[in-house]
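Reviewing the structure listed below.
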Amino acid sequence: QVQLGESGGGLVQPGESLRLSCAASGFTFSMYAMSWYRQATGKERELVARITTNGGRTTYADSVKGRFTISRDNAKNTVFLQMNSLQPEDTAVYYCSAFRSGDGYYWGQGTQVTVSS
């Protein structure tokens with residue numbers, strides 16, 4: 001059974017940092033591109049960052065470039081999102097996603113990130 005479990009969300013003040021983790025099981029993690037998406041209240045889900053299977057290439061939304069870093073540890077079946085200089089507009093539920101052509105997407109349940117003073 002495929003499982004993606006996000007953790008690390010919480011309430012922080014503007015300018016602070018959080019590190020999200022997503023632990024995967026039930027599939028061959030190293031064969032899947034991994035992504036972080038987010039969805040703010042009343043808005044559509046948007047791609048935040050993506051990393052290729054071996055971590056060799058990363059992609060970021062313009063709004064987070066230079067502040068967020070995605071990484072993965074294939075030995076531990078885990079993907080991370082380091083979020084620095086958080087701003088109120090980063091407030092959202094953050095979702096971990098796994099993708100492989102032919103298999104489609106797997107999704108986690110999400111973790112809430114709230115940035116507020």
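The values are calculated or read from the model by the stated rules, or taken from the named source; none is laboratory data. All figures in this text were calculated on a predicted structure; none of them were measured in a lab. When we count neighbours, we look across all protein chains shown, and the Cβ atoms used for this are built from the backbone with ideal geometry, even at glycine. Areas reflect the complete protein model, heavy atoms only, side chains present, ligands, DNA and RNA absent. Shrake-Rupley method; radii C 1.70, N 1.55, O 1.52, S 1.80 Å.
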| With +1 on each Lys and Arg Cβ and -1 on each Asp and Glu Cβ, how big is the dipole of the chain about its Cα centre, in debye rounded to the nearest 20? | 260
| message | Accessible area of the range 1-69 with a 1.4 Å probe: how many percent of it is carbon plus sulfur? | response | 44
| request: Mind checking which of Met31, Gln109, Gln87 is farthest towards the positive end of the chain's charge dipole, using Cβ charges of +1 (Lys, Arg) and -1 (Asp, Glu) about the Cα centre? | output: Met31
| Roughly how many Å² is the accessible area per residue of the chain, as a whole number, for a 1.4 Å probe? | 53
| field | Rounded if a/c under 1.5, otherwise prolate or oblate - the range 31-70, Cα gyration tensor axes | value | oblate
